[in-house]
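Chemist: Quick one: the structure is below, and I'll ask about it shortly.
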Amino acid sequence: MFDPTEAPRVFALPVGVDFPRALIDGLASRLAGHPPETMARVHLVVNTRRMARRIRDLFDQGPPRLLPRLSLVADPFDPRDAAAMPPAIPPLRRRLELAQLVADLLDRQPDLAARESVFALADSLAALIDEMHGEGVAPKAIRDLDVSDLSGHWARAQAFIGIAEAFAGAADDGLDPQGRLRRMVERMVARWETDPPDHPVIVAGSTGSRGTTLMLMQAVARLPQGAVILPGFDFDMPAPVWDGLDDALTAEDHPQYRFRKLMDGLGIGPGDVRRWTDTAPASPERNRLVSLALRPAPVTDAWMREGPQLEGIDRATQNVTLIEAPTPREEALAIALRLRQAAEDGQRAALITPDRMLTRQVTAALDRWGIEPDDSAGMPLQLSAPGRFLRHVAELFTGPLTGEALLTLLKHPLTHSADGRGAHLLLTRDLELHLRRNGPPFPDETALRAWGGTHKAATPEWIDWVVRCFCAQELPARLPLQDWVTRLRRLAEAIAGGAAADGSGALWQKNAGQKAREVMDMLAAEAGAGGQMTARDFAELLGALLSGEEVRDRDTPHPHIMIWGTIEARVHGADLMILAGLNEGSWPESPPPDPWLNRKMRHDAGLLLPERRIGLSAHDFQQAIAAPEVWLTRSIRSDDAETVPSRWLNRLTNLLDGLEANGGRAALRAMRDRGRTWLDWAHQLERPEPAPPAPRPSPRPPVAARPDRLSVTQVKTLIRDPYAIYARKVLRLEPLKPLVQEPDALLRGTVMHEVLERLVKASLSDGDLGRDRFLALAEEILTRDVPWPAARRLWLARLARAADWFLEGEAERQTRAIPVGFEAGGKVTIDDLGFTLTAKADRIDRDAHGRLILYDYKTGKPPSKKEQAAFDKQLLLEAAMAEKGAFEGIGPAPVANAVFIGLSTKPEEVPAPLDQDPPEKVWDEFRQLIAAYQNPEQGFTARRMLQKDTDTGDFDHLARYGEWDPSTDPTPEDLE
């Protein structure tokens with residue numbers, strides 16, 4: 001196939017050429033006139049599975065001919081070498097072994113790192129070992145590094161790297177896949193020195209970014225019938241620029257650096273790299289423009305010399321569109337619009353970006369038109385239905401069952417997915433309403449069975465199933481990993497199967513379910529290497545394993561609309577390339593932090609620099625931007641901050657902006673204008689239909705439907721926000737409590753009231769108002785009624801701060817009067833108005849003269865006298881009711897005083913202004929208020945007199961607050 005030569009045989013294809021098609025064309029032209037079986041003897045080694053699939057697809061398109069032997073650079077190259085070596089250690093087993101060693105080290109030296117970082121450190125060590133194998137770096141190279149100026153950090157790092165050394169220097173039977181591949185390539189290269197293959201061997205499409213791959217490429221290039229075909233070689237780059245790519249510390253982020261390193265290893269220069277075919281790129285002018293824009297930073301002064309000499313800038317950019325969207329959402333929608341047009345026109349289009357969030361947004365936008373793109377990456381398994389389900393089930397082991405966790409799983413589409421799911425969902429809805437209204441925040445068997453006993457539709461089988469699967473699953477002990485896997489699988493299948501089924505429902509079905517089962521099988525197979533761990537450790541391990549897998553669950557994607565990763569830009573073959581997410585940190589992605597070795601230490605040891613990823617991304621960018629039609633897109637702002645344009649986009653726009661004389665600035669302006677057109681269309685697509693704002697409501701229901709009964713605490717609401725009374729009493733609405741219950745002010749008030757009531761009652765018999773008794777009683781009630789440990793401590797601390805103040809005041813209060821009523825209920829009916837006022841007084845005392853003193857406990861700040869006089873009429877009305885004998889067991893008597901006892905951060909007593917507003921006056925004003933709201937012309941105005949505009953109400957959403965403001969006049973509405 002190849003003529004004999006002493007020099008290494010290296011070919012290349014220029015940027016922008018359809019690499020797989022040109023590769024096949026070159027093979028066909030070189031084998032023209034040879035027997036048909038000659039093609040079958042060619043061994044073609046490619047870089048990715050997508051590249052291999054595309055090559056097969058192109059061969060399938062004809063003409064009829066035999067296929068070459070296809071393999072991947074990451075696969076065993078020669079079956080003889082694979083058979084001679086023991087199987088590789090599974091990556092999961094190595095990860096679990098490292099995690100155990102890291103955990104043991106942290107147990108001995110807890111100051112080295114946090115305990116919850118065990119798996120993260122194990123993963124980082126596994127990546128270091130993998131890299132040492134791939135680059136052929138011996139443990140001694142790291143151990144002998146000069147770290148005199150980093151001795152403190154290095155001493156800590158060596159404790160962990162010492163773990164890695166044993167694995168990095170393992171024998172053949174202890175190698176992971178990367179180490180085994182390196183060892184096989186080394187043996188094969190050594191054999192080729194004396195026994196080279198007699199058939200053509202071609203490595204195509206790889207840049208040699210990993211040490212093992214680079215070794216293979218160099219060996220193949222020296223074979224008698226071997227060749228390397230490089231993708232996206234920059235034939236336009238001058239020799240001085242190639243010469244400047246000799247230092248990895250300054251040049252590894254350049255797109256062509258890996259080729260320079262390969263050529264150095266082979267002892268050749270750029271002039272020795274021959275074209276594989278004469279196929280012309282889509283736009284040679286654009287290739288030259290991008291090549292100049294991506295020059296290494298030390299030689300960008302070439303812009304000043306070579307920029308003015310560039311020709312055809314208008315032709316280079318005529319099929320380039322630049323989208324600078326205000327937000328990621330608008331960027332995604334503009335991309336979706338263009339992909340939709342491509343689908344309608346039959347154009348083959350590919351979206352290329354490393355930003356998976358952006359691809360999900362684009363996919364969601366395309367769904368409105370029924371377009372399902374062919375996403376090469378698919379969906380992370382942890383975000384699929386089985387992945388989420390397994391993670392939720394694993395969380396049951398980590399702590400007490402919460403209402404949120406229970407209902408999250410009960411509502412999951414895989415729960416009870418065998419039979420009877422409809423009835424299950426109805427019961428789940430009813431249970432949710434019960435838990436929201438009545439709690440408890442941490443459901444247990446007693447609470448669930450009590451609810452089931454009062455709910456007619458709840459069958460004993462369903463309640464038993466809920467109790468068995470969800471209650472008492474918390475396991476604080478450390479268990480072997482095998483036990484955790486068994487428990488998780490058994491519980492997950494029981495929950496998925498349901499109350500009346502023995503199987504696992506739909507848990508392991510479809511692509512995602514099958515992939516999840518593979519992960520569980522793999523975890524079970526390697527569980528022996530996991531040792532013992534806590535439930536939290538197991539949940540984190542499961543989440544990490546699921547996040548590392550992806551699943552493609554689309555059966556019929558659109559044949560012409562694709563979403564690719566950046567490396568797949570080499571596959572090319574698309575008429576339109578959309579390079580999206582071109583912001584720093586996204587494309588190129590920020591290098592992951594290395595807790596072990598800094599940049600210089602990596603270079604000295606022979607490991608890869610962080611810039612390697614950036615250089616590979618730069619090469620992918622250079623390949624993709626050379627397509628026939630290109631979109632470059634970015635968002636100016638992310639969800640929380642301004643973004644920085646990708647360095648490559650920044651270079652390109654800066655270069656064009658400086659080339660005004662030869663049309664660069666005008667070309668850049670045209671690129672942006674085309675982008676703005678699509679952004680305008682995206683904006684038009686999402687422009688809402690104009691709708692008039694809602695008026696400020698002031699409903700006027702019939703008098704017969706208006707409330708005829710209120711409590712003294714609701715009178716304040718009637719004055720400040722009458723609409724809330726209308727919603728509760730007329731519409732009979734109640735706000736739905738949040739599912740995630742928290743220790744709120746209502747619960748704190750209830751607990752504090754009981755503590756004070758029981759203390760005062762007990763002191764009446766024995767006179768003990770001691771601090772110890774007070775705090776012991778408070779702790780007892782808090783432990784019983786408040787299931788949140790943090791809230792118990794905070795509330796107990798608040799009571800402890802106010803204890804002395806309250807006890808001293810209480811002793812004085814009992815010298816003035818004797819308590820005669822606690823939580824005393826009372827009511828007064830205004831016969832002529834047909835209205836009843838109710839109250840529950842926290843405490844009523846009677847003095848030696850028969851006069852009454854009313855107390856109300858407040859856990860927050862009590863209302864001031866001015867607030868009581870105008871709005872908060874609670875104590876004033878209770879005083880008026882007391883003088884009328886409204887409270888049960890307490891006859892009518894004059895009221896000497898009424899006091900709020902505030903137990904907030906600054907405890908205080910605030911008396912009611914009885915001298916300014918005596919009971920008779922208060923009662924008359926209350927009658928006038930009720931009479932006014934029994935007038936058919938009086939409306940229940942929303943937010944009539946709230947204390948602050950920032951105050952919120954339970955029914956603000958119903959009143960459409962926000963479409964109007966407090967300055968808006970109310971709009972009365974007569975109701976029937």
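Only the coordinates and a few stated rules stand behind these numbers; no lab work does. Remember, predicted model here, so these are calculated numbers, not experimental data. A quick note on method: Cβ atoms are made from the backbone with ideal geometry, for glycine too, and the neighbour counts reach across all protein chains shown.
Chemist: How are the Cα pair distances of the chain distributed, in percent, across 20 Å bins from 0?
Modeler: Bins of 20 Å from zero give 10, 29, 30, 20, 9, 2, 0 percent of pairs.
Chemist: Treating the angle as unsigned and between 0 and 90°, give the value, to the nearest 10°, between the Cα long axis of helix 481-497 and the longest Cα principal axis of the chain.
Modeler: Value to nearest ten degrees: 70.
Chemist: For segment 742-933, state what percent of all Cα-Cα pairs lands in each successive 10 Å bin, counting from 0 Å until the bin that includes the largest distance.
Modeler: Going out from 0 Å in 10 Å bins, segment 742-933 shows 8, 34, 34, 18, 5, 0 percent.
Chemist: Hey, for a label at ALA762 modelled as a point 7 Å past Cα toward Cβ, could you say which residues of segment 781-809 have their backbone N under 13 Å away?
Modeler: Label zone hits: 781-782.
Chemist: Let me ask you something else. Can you tell me how much longer the chain between ALA74 and THR677 gets when fully stretched, taken as 0.36 nm per residue apart minus their C-alpha distance, in nm with one decimal?
Modeler: 212.6 nm
Chemist: While we're looking at this one, here's another question. Take the residue pairs LYS827/LYS921; LYS865/LYS921; LYS761/LYS873; LYS716/LYS865; LYS716/LYS948; LYS761/LYS865 and return only those whose Cα atoms are more than 22 Å apart.
Modeler: Checking Cα-Cα distances, LYS761/LYS873; LYS761/LYS865 exceed 22 Å.
Chemist: Counting only the backbone N, which residues of segment 892-916 are under 19 Å from the spot 7 Å out from the Cα of MET945 toward its beta-carbon?
Modeler: Once the point is set 7 Å along Cα→Cβ of MET945, 912-916 turn out to lie under 19 Å by backbone N, inside segment 892-916.
Chemist: For the pair ARG552 and ILE719, what calculated FRET efficiency results from E = 1/(1 + (r/R0)^6), where r is the Cβ-Cβ distance and R0 = 51 Å, to the nearest 0.05?
Modeler: The pair ILE719/ARG552 has a calculated efficiency of 0.25.
Chemist: How far apart, in nm, are the 7 Å Cα→Cβ label points at ARG669 and GLU686?
Modeler: 2.9 nm
Chemist: Suppose the chain between LEU739 and ASP657 were pulled fully straight at 0.36 nm per residue; how much longer would it get relative to their current alpha carbon spacing?
Modeler: Stretched out fully, the LEU739 to ASP657 stretch lengthens by 24.0 nm.
Chemist: How large is the helix-only mean residue ellipticity at 222 nm for the chain, computed as the sum of -39500 (n - 2.57) over DSSP H runs with n ≥ 4, divided by its residue count, in deg cm²/dmol to the nearest 500?
Modeler: The helix contribution divided over the chain gives -14500 deg cm²/dmol.
Chemist: Can you return the lysines within cross-link range of LYS600? Criterion is Cα-Cα under 28 Å, with same-chain partners fewer than 8 residues away left out.
Modeler: Hits, sequence-local ones excluded: LYS140, LYS261.
Chemist: Moving to a separate point now. To test your reading of the geometry: what angle, between 0 and 90 degrees and rounded to tens, separates the Cα axis of helix 356-367 from the longest principal axis of the chain?
Modeler: With both axes taken from Cα atoms, the answer is about 80 degrees.
Chemist: Could I ask something else about it? Measuring from label point to label point, each 7 Å out along Cα→Cβ, what is the SER29 to LYS600 span in nm?
Modeler: For the pair SER29/LYS600, the computed spacing is 5.0 nm.
Chemist: What is the magnitude of the charge dipole of the chain about its Cα centre, with +1 placed on the Cβ of each Lys and Arg, -1 on the Cβ of each Asp and Glu, and no other charges, expressed in debye to the nearest 20?
Modeler: Result for the chain is approximately 860 debye, rounded to the nearest 20.
Chemist: I need the trypsin sites (Lys or Arg not before Pro) found in segment 710-764, filtered to DSSP loop residues with at most 10 other beta carbons within 10 Å of theirs.
Modeler: Those satisfying the criteria are ARG732.
Chemist: Please work out the C-alpha center-to-center distance from segment 910-951 to segment 240-301 and express it in whole Å.
Modeler: Cα centroid to Cα centroid, the span is 82 Å.
Chemist: Can you sort LEU431, LEU958, LEU13, LEU66 from fewest to most other Cβ atoms within 10 Å of each residue's own Cβ?
Modeler: LEU66, LEU958, LEU431, LEU13
Chemist: Between ASN438 and LYS827, how high is the FRET efficiency from 1/(1 + (r/R0)^6) when r is the Cβ-Cβ distance and R₀ = 25 Å? Nearest 0.05.
Modeler: The calculated FRET efficiency here is 0.45.
Chemist: Got a sec? Which residues in segment 16-59 would a label at ASP3 touch, if it sits 7 Å along Cα→Cβ and we count backbone N under 19 Å?
Modeler: Taking a point 7 Å out along Cα→Cβ of ASP3, the residues of segment 16-59 whose backbone N falls under 19 Å are 26-34.
Chemist: Let me ask you something else. Report, in debye and to the nearest 20, how large the dipole of segment 318-472 comes out about its Cα centre when Lys and Arg carry +1 and Asp and Glu carry -1 on their Cβ.
Modeler: 320 debye
Chemist: Quick one: compute a quarter of the convex hull surface over the Cα atoms of segment 83-145 and quote it in nm². The partial results should precede the final answer.
Modeler: Values: hull surface 22.6 nm².
The directionally averaged projection comes out at 5.6 nm².
Chemist: What angle do you read, to the nearest 10 degrees and between 0 and 90, between the alpha-carbon axis of helix 151-168 and the longest principal axis of the chain?
Modeler: Its long axis makes an angle of about 60 degrees.
Chemist: If R₀ is 30 angstrom, what is the calculated FRET efficiency for the pair GLU780 and ARG536, using the beta carbon separation as r and rounding to 0.05?
Modeler: On the way: r = 31 Å, r/R0 = 1.04.
Computed FRET efficiency for GLU780 and ARG536: 0.45.
Chemist: Quote to one decimal, in nm, the extra length available between LYS411 and SER711 on full extension: 0.36 nm per residue of separation minus the C-alpha distance between them.
Modeler: Values: separation 300, 0.36 × 300 = 108.00 nm, distance 3.82 nm.
Extra length from LYS411 to SER711 when fully extended: 104.2 nm.
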